[in-house]
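Worksheet for the structure shown next.
The values are calculated or read from the model by the stated rules, or taken from the named source; none is laboratory data. Just so you know, these numbers come straight off a predicted model, no measurement behind them. All Cβ positions, glycine included, derive from the backbone under ideal geometry; neighbour counts span all protein chains shown.
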Amino acid sequence: MQHLTVDLSERSYPILIGDGLIRDIGVQVAPLLRRPHTMIVTDSHVADHYLVALGTSLAMESISFSSFVLEPGEGTKSWAGLARLTEWLIGEGVERGDHVIALGGGVIGDLVGFACSIVKRGCNFIQVPTTLLAQVDSSVGGKTAINVPAGKNLIGAFHQPALVVIDPQTLDTLPRRELGAGYAEVVKYGLIDDADFFAWCEANGAALLAGDSEARHKAIAHSVSAKARIVAADERETQDIRALLNLGHSFGHALEAETGYSDRLLHGEAVAAGMVLAHEFSVANGLCPAADAARVRDHLASVDLPHSLSSAGINTGGAELAAHMAHDKKVRGGKLPLILTHGIGRSFVTEDYGLDAVAAFLDS
Ligand code: NAD
Ligand code: GLY
């Protein structure tokens, strides 16, 4: 088992990574609990595979539990989902000192984290991520949210988990398309500030996606330790450090908005195309060598991820896409900070480029 830490003084917490950990989770959770009881929240896909194993492990440590199984999918991260979950937690008699377990992907993690930030003015939660995206990104860092009709993740809070338990073996049951979407976020860490890790992805990405457990473990541990370092340096994204994690997200957000946040384009797929666009926009503005953008595009294409507007299924004009970006929640003082790059592993935040320039680039 590998043990990492998110270093946030009194809110610091461990990240444990190990194959089969889900069957051993009771031992990790028991020392945190004030009373030997917990509540598990999951979705029905994940429940089918892992709820019994998790419950058995808790029972072996004499921890009683109740469980709440939600509908899978982004629609669950909603006012309605939040109301159902918070009312269930209160009905179960949740106490402020309790720890609620979020077992699932980013949807469950974001929803449970937000519910735990507000129920009884805040209780603890434990992330047990079961998608690659959640294992390398969303389970760490304390961003929690629900979606509302005006946009994704617009209602939320920073609320750090007390523990993150990552069992890479859970990826054995994850559909290949979801695995690919999570892999885009792995590649992102290389592109932000770690050219050697991007080169590792070029050499090992295909094996990881084919199920190679050594490659999977290395990618998760490397990504999550990068995320832990970035979150520790800039927990609330106020210093242009955590903002680098949004590489590809502003362009990707426009593509997701254009496809109605539907299964036509998963979040990680939009990020993949968005990262290529961010590199190509940087090339167009004389910031980045064209060869670097080509490497990014070629690698993402080689693992069947969207790497252009057309491969993402988008044929909308630049002005319409840029208009979606204007509604991004990261807009500050009317300007959208973009994450651009001087080359692989050399990303930076800038407000130097207006949406008119972005629109013209997308039409070019
Ligand atoms: P998800 O939670 O919807 O999971 C994807 C699908 O895989 C679902 O159908 C789920 O039931 C299924 N699934 C999960 N684990 C499985 C497993 N091991 N085996 C079989 N099926 C499994 O999607 P996601 O990609 O994990 O998360 C997307 C969400 O994460 C979005 O709402 C996004 O906004 C959010 N997000 C949050 C952060 C953050 O920092 N908080 C970062 C990135 C993304
Ligand atoms: N996923 C972006 C962040 O956690 O900041």
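For the reader, a short list of remarks on this structure follows.
- Inspection of the range 160-173 identifies at least one residue that is within 16 Å of ligand 2 (Cβ to nearest atom), part of a loop (DSSP other than H, G, I, E, B) and under 17 Å from Gly105 (Cα atoms).
- Residues in the range 188-197 that are among the small types (Gly, Ala, Ser) and surrounded by fewer than 18 Cβ atoms within 10 Å (Cβ to Cβ): Ala195 only.
Rundown of residues vs (1) surrounded by fewer than 24 Cβ atoms within 10 Å (Cβ to Cβ); (2) more than 12 Å from ligand 1 (Cβ to nearest atom), yes/no style:
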position	(1), (2)
Pro129	no, no
Ser138	no, no
Ala145	yes, no
Asn153	yes, no
Gly156	yes, no
Asp172	yes, no
Ala199	yes, yes
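- Pairs where the first residue, in the range 211-229, is on the phi > 0 side of the Ramachandran plot and the second is at pLDDT 95 or above and assigned to a helix (DSSP H, G or I), C-beta under 9 Å, 6+ apart: Gly211/Leu171; Gly211/Asp172; Gly211/Leu179
- The residues listed here are Val69, Val128; of these, the one that is within 23 Å of Arg11 (Cβ to Cβ), away from ligand 2 (no atom under 16 Å from the Cβ), touching an Asp or Glu at 6+ places or on another chain (Cβ under 8 Å) and not polar (S, T, N, Q) is Val128.
- Of Gly109, Gly141, Gly93, all but one fail to be within 16 Å of ligand 2 (Cβ to nearest atom), assigned to a loop (DSSP other than H, G, I, E, B) and not hydrophobic (A, V, I, L, M, F, W, C); the exception is Gly141.
- Selection within the range 246-258 - within 15 Å of ligand 1 (Cβ to nearest atom) and in contact (Cβ under 8 Å) with a residue 60 or more places away in the chain: Asn246, Leu247, Gly248, His249, Ser250, His253, Leu255, Glu256, Ala257
- Close pairs from the range 39-53: first within 19 Å of Asp98 (Cβ to Cβ), partner at pLDDT 95 or above and charged (D, E, K, R), Cβ under 8 Å, at least 6 apart: Met39/Glu92; Met39/Asp98
- Checklist (1) hydrophobic (A, V, I, L, M, F, W, C); (2) modelled with pLDDT under 95; (3) within 13 Å of ligand 2 (Cβ to nearest atom) applied to Val136, failing item: (2)
- The residues in the range 178-190 that are farther than 16 Å from Leu245 by Cα, more than 9 Å from ligand 1 (Cβ to nearest atom) and either touching a residue at least 60 places away in the same chain (Cβ under 8 Å) or polar (S, T, N, Q) (or both) can be counted, and the count is 1.
- Among the residues making up the range 225-245, those that are within 12 Å of ligand 1 (Cβ to nearest atom) and either hydrophobic (A, V, I, L, M, F, W, C) or modelled with pLDDT under 95 (or both) are Ile230, Val231, Glu237, Leu245.
- Every residue from the range 34-50 that is surrounded by 18 or more Cβ atoms within 10 Å (Cβ to Cβ) and under 22 Å from the mean Cα position of the chain (by Cα): Ile40, Val41, Thr42, Asp43, His45, Val46, Ala47, Tyr50
- Scope the range 105-127; condition farther than 20 Å from Ala228 by Cβ and near ligand 1 (Cβ under 9 Å from one of its atoms); matching residues: Val107, Ile108, Leu111
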